[in-house]
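Working notes for the structure below.
Any read-out appearing in this document is the output of simple, stated calculations on the displayed coordinates, not a laboratory observation. Predicted, not measured: the structure shown is a model, and the values here were computed from it. Positions of Cβ are backbone-derived with ideal geometry, glycine not excepted, and every protein chain shown enters the neighbour counts.
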Amino acid sequence: MGERCRVVIIGGGISGLSAAYYTWRFLKEAGVQADMTVVERDQQWGGKVQTVRQEGFVMEKGPDSFLARKTPVIDLTRELGLQEDLVATNPQAKKTYILHNGRLHPMPPGLALGIPTQWKPFLNSGLISPLGKVRAAMDLVLPRRRDDGDEALGDFLERRLGKEVLENVCEPLLAGIYAGDTHQLSLQSTFPQFQAMERKSRSLILGMTRSRQQAPPTAGVPESVSRSMFLSYRHGLSSLIEALTGYLQEQGVRLLSGQMVTSLEKQPQGGASLRLDSGQELSADCVIAAVPTFVLPSLLPNLPAVARLAEMPYVSVANFVAAYDRKSIGQELDASGFLVPRKEGRFITACTWTSAKWKHTAPDDKVLVRCYIGRSGEEHWRQLPDETLSANARRELKELLGIEAKPLFSRINRWEQSMPQYPVGHLHTIKKARQEAAEYMPGLWLTGSGFHGVGIPDCIRQGKEAAQELAAYWRNRHVPQ
């Protein structure tokens with residue numbers, strides 16, 4: 001097609017790397033030669049996807065897995081030749097506990113995203129009072145909402161299932177994904193399937209039950225992992241990042257880490273000029289910005305809709321990872337871990353029994369656990385030193401699990417302003433911002449976890465969608481009439 005397409009991707013997290021991978025592929029398939037550069041502020045690629053491999057342990061600093069049913073990550077895994085490295089959760093550690101009144105209660109079987117789909121286990125659970133169970137059952141007879149507009153996730157769940165189920169089950173399970181406050185999070189931006197279930201089935205419980213009955217095994221993966229809800233890689237999630245950066249380097253894509261884009265200016269003849277903090281200047285025909293939304297106004301000043309993106313809060317979180325000799329624990333950790341509702345007033349928000357949930361993460365005679373710290377409205381810990389965070393986490397492991405042993409080693413991982421909090425009306429806000437950016441500079445796309453989902457599959461999907469739009473834009477401009 002003649003003219004080379006100069007592309008700059010701002011951001012080297014999973015969204016930006018996925019955008020780069022698919023942009024290169026789609027342009028190549030269209031017969032377009034590309035000059036591509038990916039710029040990442042940090043020295044390390046992958047954003048929050050970071051694995052530490054130490055003394056036989058596989059430890060995740062950020063997310064520890066991805067949802068298998070979301071196909072973008074499965075497709076990318078297969079394209080990169082990583083499907084044989086996929087690992088499933090340990091089937092012997094299916095249980096999850098929820099802390100309630102200071103005691104760990106097993107989450108009743110049949111809960112799907114906190115929604116009961118089997119009545120007997122739910123009715124036998126000590127997590128909900130008899131009145132709370134009656135209130136949850138009212139979902140079966142309550143009418144559907146007439147208004148199709150957005151509402152807060154917590155308001156929706158309380159309306160359908162009652163306050164007790166929301167606070168004791170749904171909030172720690174669902175809000176934990178975003179480290180958020182369910183009464184502030186947008187339903188349409190976080191769990192739009194709930195609204196669709198109410199619209200189609202009237203009852204959330206009936207809709208979720210039908211959805212679970214129809215769920216097939218994950219396609220395109222080895223049989224040994226096809227039934228697992230969550231998946232990871234044998235050597236950790238960084239395997240995906242390493243495969244992406246390796247592929248891009250093989251294609252001649254320039255990967256600039258430890259450098260930040262300080263300005264993005266459109267050019268009269270089209271395209272953009274980008275300046276880096278190193279003083280280097282880049283010219284681009286097309287740009288994909290895969291950065292936190294609060295960064296965008298500094299790159300695109302004087303755009304009101306883009307400026308409003310900076311109003312969306314981001315929550316800071318941390319985690320405490322500790323390794324132990326198995327014999328020093330004093331009990332068998334036979335579940336995936338436990339969740340801590342906000343009302344329990346604990347320092348930690350959840351604890352994953354990592355070596356029980358994922359067999360590949362520790363030697364057989366060792367135990368690996370990870371405690372989560374921080375959520376919306378609870379960020380006072382940011383002012384505390386790592387030693388205090390570790391001491392507080394260890395104190396609660398002792399109180400809740402009886403673990404008194406000193407860890408073989410431990411580490412604190414901090415993630416400042418890492419969790420976007422989609423407010424009610426978020427979809428309208430990002431639509432206006434993207435339209436404004438495209439009108440200001442054709443050939444510019446905004447994407448990333450601050451837009452349409454924080455999970456790894458969601459970020460891959462968004463990067464791929466931006467790449468598809470970029471390739472279509474370039475073809476439409478350059479195909480002879």
Report summary line: Filtered hits (aspartates and glutamates, Cα-Cα < 15 Å from K28, offset >= 8 within chain) -> E3, E250, E469
Report summary line: Ordered by fewest other Cβ atoms within 10 Å, a rough proxy for footprinting exposure, K327, K366 read K327, K366
Query raised in the report: With Cβ to Cβ distances under 14 Å as the rule, what net charge do the other residues near K327 carry (K, R +1; D, E -1)?
Result: -2
Report task. Specify the angular offset, from 0 to 90 degrees and rounded to the nearest 10, of the alpha carbon long axis of helix 386-401 from the longest principal axis of the alpha carbons in the chain. Result -> 40
Report summary line: So the angle from the long Cα axis of helix 238-250 to the longest Cα principal axis of the chain, reported in degrees to the nearest 10, equals 10
Requested in this report: Enumerate by residue number the GluC sites (Glu not before Pro) in region 396-481 meeting two conditions: DSSP loop (anything except H, G, I, E, B), and at most 11 other Cβ atoms within 10 Å of the site's Cβ.
Outcome: E404
**Report entry** Beta bridge orientation in the chain: antiparallel %, DSSP, nearest 5
**Finding:** 70
Report summary line: If one compares the long axis through the Cα atoms of helix 204-214 with the longest principal axis of the Cα atoms of the chain, the angle in degrees, nearest 10, works out at 70
Requested in this report: Subtract the Cα-Cα distance of S298 and R227 from 0.36 nm times their separation in residues, and report this length gain in nm to one decimal.
Outcome: 21.1 nm
Report task. Choose one of I205, L264, P297: the residue whose Cα lies farthest towards the positive end of the charge dipole of region 205-321 (beta-carbon charges +1 Lys, Arg; -1 Asp, Glu; about the Cα centre). Result -> I205
Query raised in the report: Summing Lys, Arg as +1 and Asp, Glu as -1, what charge do residues with Cβ under 11 Å from the Cβ of T361 carry, T361 excluded?
Result: +4
Requested in this report: Give the shape of the chain as rounded, prolate or oblate, defined through the alpha-carbon gyration tensor: a ≥ b ≥ c are the square roots of its eigenvalues, a/c under 1.5 means rounded, and otherwise the shape is prolate if a/b is larger than b/c and oblate if not.
Outcome: prolate
Report task. Excluding residues on the same chain fewer than 8 positions from K343, give the aspartates and glutamates whose Cα lies under 18 Å from its Cα. Result -> D155, E158, E164, E167, E171, D181, E378, E379, E396, E399
Query raised in the report: Rounded if a/c is under 1.5, else prolate if a/b is larger than b/c, else oblate: which is region 314-420, with a ≥ b ≥ c the root eigenvalues of its Cα gyration tensor?
Result: prolate
**Report entry** Positive minus negative residues near T262 (Lys, Arg vs Asp, Glu; Cβ under 15 Å)
**Finding:** -2
Query raised in the report: Just in region 134-222: which trypsin sites (Lys or Arg not before Pro) are loop by DSSP and have at most 11 other Cβ atoms within 10 Å?
Result: R146
Requested in this report: For region 3-92, just say rounded, prolate or oblate: build the C-alpha gyration tensor, square-root its eigenvalues into a ≥ b ≥ c, call rounded for a/c under 1.5, and beyond that prolate if a/b exceeds b/c, oblate if not.
Outcome: oblate
**Report entry** At most 14 other Cβ within 10 Å, DSSP loop - GluC sites (Glu not before Pro), region 308-395
**Finding:** E311, E332
